[in-house]
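**Student:** Structure incoming, see below.
Bear in mind that the values in this text are calculations on the coordinates, not laboratory data. Not measured: the values here are computed from a predicted model. Here the Cβ is made from the backbone with ideal geometry for all residues, glycine too, and neighbour counts use every protein chain on show.
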Amino acid sequence: MLDSQRGKSLNNLEKKLKILFNDINLLDQALTHKSYSYEKKQNNFKDNERLEFLGDAVLKLVISHYLIEKYPMKDEGDLTRIRAIIVSDNYLAKIAEKISLGTYLLLSENEKKTGGQKRKSNIANAMEAVFGAAFLDGGINAAEKVIILLLNKYIEELVESEEIVDHKSMLQELVQGRKWDLPVYNVVKETGPDHKKRFYIEVEVMSGGKKWIGRGDSNTKKEAEQKAAQDILKKIK
């Protein structure tokens with residue numbers, strides 16, 4: 001049972017999200033960091049990791065459907081790059097900051113002292129957990145309403161920007177035009193749990209005796225490769 005102060009706080013967040021939860025405890029759980037549950041050492045304090053896992057899948061489904069419907073002329077490659085950027089921790093943290101999500105997080109005292117309310121990973125994960133909570137509480141329509149409310153502006157800006165340029169194709173054309181060796185992409189490191197991997201990619205291009213190296217990282221291999229290709233293009237040009 002939530003105390004009155006916590007209830008008022010979550011009601012304020014509901015207004016920002018433009019959604020009314022049937023079970024406010026789901027929203028509370030979505031904002032409960034594992035450090036808080038550990039500190040309390042009580043079984044009734046459930047953390048948000050399982051909701052984050054669910055929210056990650058719901059987010060990708062909703063964004064995929066939205067992109068297919070709104071941008072019928074975009075090909076699969078463009079749609080994949082747009083989705084990868086939008087569902088990244090950077091973008092999720094950006095929208096979480098916009099609604100001050102960190103101020104609603106339940107954290108251990110130590111996590112608070114070390115800046116946990118503003119830590120990108122914490123607020124990005126909590127944002128996904130909120131999406132998962134919305135899905136459990138009201139189904140896909142409720143989750144979609146919240147996700148599109150928060151992200152549609154960023155999607156439109158991204159579509160108009162150069163961030164979705166196919167840097168891998170540009171690099172391929174450049175090296176072929178100069179008769180260099182073709183680019184070679186390698187995964188140099190992977191971090192994070194299976195459902196939220198982060199991939200670190202290096203791309204190498206040989207031109208005579210010179211080796212060019214580009215690096216990129218993302219939560220999808222495709223986007224990490226795009227970033228690595230973008231990085232090496234800047235160096236070559």
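**Student:** Quick check: Cα centre of segment 46-88 to Cα centre of segment 93-133, how many Å?
**Tutor:** 20
**Student:** How far apart, in nm, are the 7 Å Cα→Cβ label points at Ile148 and Val188?
**Tutor:** Taking the simple label geometry, Ile148 and Val188 are separated by 4.1 nm.
**Student:** Relative to the first principal axis of the alpha-carbon coordinates of the chain, what is the inclination of helix 120-160, with its axis defined by its Cα atoms, in degrees from 0 to 90 and to the nearest 10?
**Tutor:** 40
**Student:** Measure nothing but the geometry: give the 0 to 90° angle between the long axis through the Cα atoms of 49-70 and the longest principal axis through the Cα atoms of the chain, rounded to 10°.
**Tutor:** Approximately 60 degrees, to the nearest 10.
**Student:** Work out, step by step, the length gained on full extension between Glu49 and Asp78: first 0.36 nm times the residue separation, then minus their alpha carbon distance; give nm to one decimal.
**Tutor:** Computed gain between Glu49 and Asp78 is 7.4 nm.
**Student:** Which of (1) 19.2, 64; (2) 20.5, 70; (3) 22.0, 77 is the computed Rg and Dmax of the Cα atoms in Å for the structure on display?
**Tutor:** So the structure-derived entry is (2).
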